[in-house]
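The values are calculated or read from the model by the stated rules, or taken from the named source; none is laboratory data. Not measured: the values here are computed from a predicted model. Because the Cβ atoms are built from the backbone with ideal geometry, glycine has one as well, and the counts that use them run over all protein chains shown.
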Amino acid sequence: MPYATPLPDRDRPLLILDFDGTVCIGDGPVWAYADAVLRRVDGADKDAAIRARLAEFLDGCTDAPRYKDGYSAVAELTADIVDADDRQEAYRESRAALATGLSAGVSAPEGLHEFLTDVGELADRALVTNAPLDGVKETLSSLGLTDVIDSIHPESHKPEGLPALLSEFAGDRDPALLMSVGDVYDNDIAPAYAFGSATAYIDRWSHHTGPSHLHAATFTDLYPAIRSWAEHPLDFQSVAANSHAHTRNPPNHYQGNPS
């Protein structure tokens, strides 16, 4: 499996997958990050209060503040008591724990291996993540997904770094031949949507942040529609737009919700 290399086959569509919250689900890594940050905090009361507020957000409590994702929640909840450099160091510690298997509580979405195997007949599959490679490759292995990912692009610096990577992937091809799938709108969806690529937003907390071609609460809900894109990528966006114009419920071959 190549790492951080452009895909050589420009004749096939490219499915771009986020890692945390998309291919790898579960709140274990977020809690590992929170643990690492809170080790730098003095006071049991502050620790308990932050953990309680983080749990409310992760559990989807309706009155919890909105954050982009669990990592952003930890960063914002501790911003006044842990500086950015220490939080970054804590993040690296938590990813190292993930690499050694010390961070539990992760799984793959149901049926993901079978889905990516199926899609792989039609499109290449690239994992694009802000996480360092250490921890990502070990987790893919533990989840049994190594053989259904064609390339890994770690430390991609989304959202700022994604447009350049999309341009590299597309070359002189139609951007519609790319689809970006992810759970953080600003990182995974907005840059790809602006680039002209297809998008599938996993909206776990029903943020409805902005436009996307597909949205659903889980990745599994999007499988049929993503496969439809892989079959007919150049027609997909117009079909999704027409579906949205007439109904919030997609046609049978688009099981994800058009946004």
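Residues considered: 194, 200. Of these, the only one that is out of contact with any helix residue (DSSP H, G or I) (no Cβ under 7 Å at 6 or more places or on another chain), modelled with pLDDT of 95 or more and hydrophobic (A, V, I, L, M, F, W, C) is 194. Please determine whether any residue of segment 209-221 is of a type in the set (Ser, Thr, Tyr), over 15 Å from the mean Cα position of the chain (by Cα), at pLDDT 95 or above and not assigned by TED's automatic domain parsing to the domain that holds residue 64. Scanning segment 209-221, I find no residue that is of a type in the set (Ser, Thr, Tyr), over 15 Å from the mean Cα position of the chain (by Cα), at pLDDT 95 or above and not assigned by TED's automatic domain parsing to the domain that holds residue 64, so the answer is no. Please go through segment 26-50 and pick out each residue that is assigned to a loop (DSSP other than H, G, I, E, B) and either at pLDDT 90 or above or closer than 13 Å to residue 73 by Cβ (or both). Residues satisfying the conditions are 26, 27, 39, 40.
The residue pairs whose first member lies in segment 177-193 and is under 9 Å from residue 17 (Cβ atoms), whose second member is aliphatic (A, V, I, L, M) and part of a loop (DSSP other than H, G, I, E, B), and whose beta carbons are closer than 9 Å, counting only pairs six or more residues apart or on different chains, are 181/23. Within segment 58-108, the residues that satisfy the criterion of being of a type in the set (Val, Ile, Thr) and not in a helix (DSSP H, G or I) are 62, 78, 81, 82, 100, 106. Within segment 173-199, the only residue that satisfies the criterion of being acidic (Asp, Glu), surrounded by fewer than 21 Cβ atoms within 10 Å (Cβ to Cβ) and outside any loop (DSSP other than H, G, I, E, B) is 186.
A residue that is among the acidic types (Asp, Glu), at pLDDT 95 or above, assigned to a helix (DSSP H, G or I) and under 23 Å from residue 216 (Cα atoms) occurs nowhere in segment 123-134.
Per the listing 76, 138, 56, 93, the residue uniquely farther than 19 Å from residue 182 by Cβ, in contact (Cβ under 8 Å) with a residue 12 or more places away in the chain, surrounded by fewer than 17 Cβ atoms within 10 Å (Cβ to Cβ) and not assigned by TED's automatic domain parsing to the domain that holds residue 227 is 93. Cβ separations smaller than 7 Å between residues 6+ apart or across chains give no pair from segment 144-170 residues that are in the same structural domain as residue 111 (by TED's automatic domain parsing) to residues that are acidic (Asp, Glu) and loosely packed, with under 13 Cβ neighbours inside 10 Å.
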